[in-house]
Amino acid sequence: MQTGLLHLHNLLRWVIVLLVIYSLLKAYAGWTGKKAFAPGDKKTWLFTMIAGHTTLLLGLYQVAFGRYGIFTTTLPEGTSVMKDRFYRFFWVEHPVMMILAIVLITMGYGMAKKPVADEVKYKKAFFFFLLALIFILAGVPWPFREIIGRPYFPGIAG
């Protein structure tokens, strides 16, 4: 079960990255094109938020109870979390960056419900989604990252 949840968590990273980029592009087009806010934009931002929150819940489970979870792993004697690059990343850096990204995505979606001018909605949402994308890209254990790297598509042979 843990492996399946981890693979689902990893697969959903692509869904979030694509949805955040799409939301970012829609916000940018609305802002620069001075468009009227459309219900489709709100739905896109809602789906982005839902995907983010779902992935966050799976990730929090992994941090707590996964293969290297805080409650399922005993650190080697004399090891400090902050001095061990692997545990620092997966127990501190990755969760903090992703929580911040999800907060920013939620704030971006929240702009859809604010009674402000459409240009302001798009502009603020654009910056929230942009910051969220930066946190996500910085916090993912990409394959090229030494020690913490994970495959682009774990669980898929090849």
Whichever lysines have a C-alpha closer than 29 Å to that of Lys34, once near sequence neighbours (fewer than 8 apart) are set aside: Lys26, Lys42, Lys43, Lys113, Lys114, Lys121, Lys123, Lys124
Length added when fully stretched, Arg150-Met82, from 0.36 nm per residue minus Cα-Cα: 22.4 nm
Helix-only [θ]222 nm of the chain, DSSP H runs n ≥ 4, -39500 (n - 2.57) each, per residue, nearest 500: -22000 deg cm²/dmol
Charged-residue dipole, Cβ positions (Lys, Arg, Asp, Glu), the chain about Cα centre, Debye nearest 20: 520
Folded to 0 to 90 degrees: helix 2-32 orientation relative to the chain principal axis, Cα: 30
Most positive-pole-ward Cα, Ile102, Tyr152, Phe86, against dipole of the range 75-158 from beta carbon charges: Ile102
All aspartates and glutamates inside 19 Å of Lys83 as judged from Cα atoms, apart from same-chain residues fewer than 8 positions distant: Glu93, Glu146
Charge sum, other residues only, whose C-beta stays under 15 Å from Phe86's C-beta, Lys/Arg counted +1 and Asp/Glu -1: +3
Summed side-chain charge close to Tyr152 - residues other than Tyr152 whose Cβ falls under 15 Å, Lys, Arg +1, Asp, Glu -1: +3
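Since every read-out is calculated from the coordinates, none of them should be taken as a lab result. The shown structure was predicted, so the numbers you read here are calculated from the model rather than taken from an experiment. Note: ideal-geometry Cβ built from the backbone for every residue, glycine included; neighbour counts use all protein chains shown.
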